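The values are calculated or read from the model by the stated rules, or taken from the named source; none is laboratory data. Fair warning: this is a prediction, and the values are worked out from it, not measured in the lab. Note: accessible area is taken over every heavy atom of the protein model, side chains too, but ligands, DNA and RNA are not part of it. Shrake-Rupley method; radii C 1.70, N 1.55, O 1.52, S 1.80 Å.
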Amino acid sequence: MSNNLIINAKDLIKNFGIFPAVRGLSFSLKKGQCVGLLGPNGAGKSTTMRMIMGLCTISGGRLDVFGASVKNISRKTKSRIGLVPQENNLDPDITVRENLEVFGRYFSLSNLILSKQIQKLLSFMSLCEKQTLPVNVLSGGMKRRLIIARALINDPELVILDEPTTGLDPQSRLLIWTRLMELKKQGRTLLLTTHYMDEAQRLCDQIVVIDHGRVLDQGTPKDLIDRYVGAYVFEVKKPHRLGLEKLCVNFEDIGQSILYYTRFPDEVMAQLSGTSQYNYRPANLEDVFLRLTGRNLRDN
Amino acid sequence: MVSFFSTLAVIYRQFLVWKKLFWSSMATNIANPILFLFAFGFGLGRFVEVMGGVSYMIFVVPGMMAYSAMFAASFETTIGSFSRYYLHRNWNAVLSTPVTLAELLLGEVLWASFKGTISASCVLFIGWLWGGVESLSGALFCLPIVFFSCLCFGSFGLLATAYAKGYEFFSYFFTFWVTPMFVFCGVFFEVNKFPDFIQSLSWFFPMTHLVMVIRPLTTGLPIDLITILTHGSYFVVGGLVAFSLAYFKIRLKLFD
């Protein structure tokens, strides 16, 4: 029954001293799915990922990875996971190719498999020409590609990606997206965090929105959009006196204007015609995210 | 269980880096003893004709061997390990693979011991050319002992790394751990020339035990196996204690 659950978290808790980073998180990841873990800074995303890798002890609840508790995560389980960490922790003292080679050794890969994997991954991530260069001379995008290649060295069934495209140019992001789609097609399970909602919408089958260490809601991107923000967003300048609320899934006062989220754009437009200053666009995951987690800054 | 292959993989990474820096590493390993032996052998040797029953040069070569091994091993698991852990976040990357923390740390200490032994070998080579080694076979027998002692020195370095919050912390380590071993543990002078309380303090440091074992060996003086094993057990116990403390502290720091 739970055989195809790659990750199963139930009431997961993590406290750092007295600070509760994760407080009762429940979600699961089926084989072959791409699940996006979305949340503002400090929501508990990276901590959750570290717990899945056994890099962080759990304070309470249950967390099963490949059907076994992470409490004593086995070598075998770890060899089925590839991690793309948020920080660029490539080895600066050795070359691009050597970074992959050394990592393969950590997984005790045989020389034959290792050299095949290195060749395959260098071309998969378009790094063949850079293989003899030291890591320090790579651009941000290349470093990120190398980190992804490194995470794939053991041919993992589960790939965990912590903000894989943060800070990259559009071309690099596009290449990484294409590659992640290919990984999905190969049947791998992906767990992704990102602050780019277009990225999540494009790649993820399932979205889990978390904040303050708790799940706010989860579902497919389409479901979540429909549930919280309908199909279209109208931004209407204040002041105006319209009874738009009854046509809307949700509305929100953002100061100078009001946002109306609706499934009936034509009706809303008819009401608005000639009376108010407004603009509109299709609703997206970012609207859902902001509805769920609010518009206030989080870094403090 | 500690896996041999995982530990070897950690060492392999170090080896790869060392291979690139081989010549610069050798240049410093060779130049250091030349500078020291020149200064102490010629400089001090002119005023001190005999120490411990042998010429000063013969006296100081095993001391320098022990010191440079200790320094190299300590440096590797402090500045070296700390940089990999703190600056490059290399440990985080390693630990996301099947390699365990115990294997990672063991690899660090084993590698430090290798570097310490290389360093001592260079001193031995220069000291031998200089005429400061009476028994070459005894001196070669020193090298595995030096390797063993470096497991202890490396573990103490790792313990400092476990508690370090920044590079500044290591000035304590070098001032209160490395320097006393340089001056109070029989490297340049006989330990029994010091006041009693310094003497008892000096036996606390593993360095004194190392010097006590390798000095008779390079000078060809008699030393029995029991003495070697007695001093050797000090490295084992000290090393195990330091390694365990370092392991638990680092585990707490990384995983909690």
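Values computed for the structure shown
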{"read-out": "Potential extension, B:PHE141-B:MET26 segment - 0.36 nm per residue separation minus Cα distance", "value": "39.2 nm"}
{"read-out": "At 1.306 mPa s and 10 °C, Stokes D of segment A:5-220 from Kirkwood alpha-carbon radius, µm² per second", "value": "90 µm²/s"}
{"read-out": "Stokes-Einstein D for segment B:4-255, Kirkwood Rh over Cα pairs, 4 °C, 1.567 mPa s (µm²/s)", "value": "70 µm²/s"}
{"read-out": "Carbon plus sulfur fraction of accessible area for the protein assembly as shown, probe 1.4 Å, in percent", "value": "61 percent"}
{"read-out": "Nonlocal amide H pairs with A:VAL215, under 5 Å, H built at 1.01 Å", "value": "A:SER26"}
{"read-out": "Amide hydrogen neighbours beyond the local backbone of A:ALA21, cut-off 5 Å, H modeled", "value": "A:LYS14, A:ASN15, A:PHE16"}
{"read-out": "Heavy-atom accessible surface that A and B bury in contact, both chains counted, 1.4 Å, Å² to 100", "value": "2400 Å²"}
{"read-out": "Approximate shape of segment B:152-225 as ellipsoid semi-axes (Cα gyration tensor, √5λ), whole Å, largest first", "value": "27, 15, 9"}
{"read-out": "With Cα atoms, 0 to 90° folded angle of helix B:22-36 axis to chain B main axis", "value": "30 degrees"}
{"read-out": "Placed amide H near B:MET51: partners under 5 Å, 5+ positions off or other chain", "value": "B:TYR56"}
{"read-out": "Kirkwood Rh (inverse of mean 1/r, distinct Cα pairs), the protein assembly as shown, angstrom", "value": "27.2 Å"}
{"read-out": "Ranking by accessible area, most exposed first, for A:TYR260, B:TYR172 with a 1.4 Å probe", "value": "B:TYR172, A:TYR260"}
{"read-out": "Solvent-accessible ranking of B:THR218, B:THR179, largest area first, probe 1.4 Å", "value": "B:THR179, B:THR218"}
{"read-out": "Separation of alpha-carbon centers, segment A:226-298 and segment B:165-217, rounded to whole Å", "value": "75 Å"}
{"read-out": "Pairs from A:LYS31/A:LYS71; A:LYS78/A:LYS120; A:LYS116/B:LYS20; A:LYS116/B:LYS115 whose Cα-Cα separation, in the structure shown, is over 26 Å", "value": "A:LYS116/B:LYS115"}
{"read-out": "CD proxy at 222 nm, helix term only [per DSSP H run n ≥ 4: -39500 (n - 2.57); per residue of chain B; nearest 500]", "value": "-23000 deg cm²/dmol"}
{"read-out": "Chain A: DSSP helices with Cα axial extent of at least 15 Å and average Kyte-Doolittle hydropathy no lower than -0.5", "value": "A:111-124, A:140-151, A:170-185"}
{"read-out": "Percent RCO, i.e. relative contact order, over segment B:145-212, from Cα pairs under 8 Å lying at least 6 residues apart", "value": "35 percent"}
{"read-out": "Value at 222 nm in deg cm²/dmol, rounded to 500, when DSSP H runs of n ≥ 4 in chain A each add -39,500 (n - 2.57)", "value": "-9500 deg cm²/dmol"}
{"read-out": "Calculated log₁₀ intensity ratio I(q)/I(0) where the Debye formula runs over C-alpha points of segment A:230-282, q = 0.31 Å⁻¹", "value": "-1.51"}
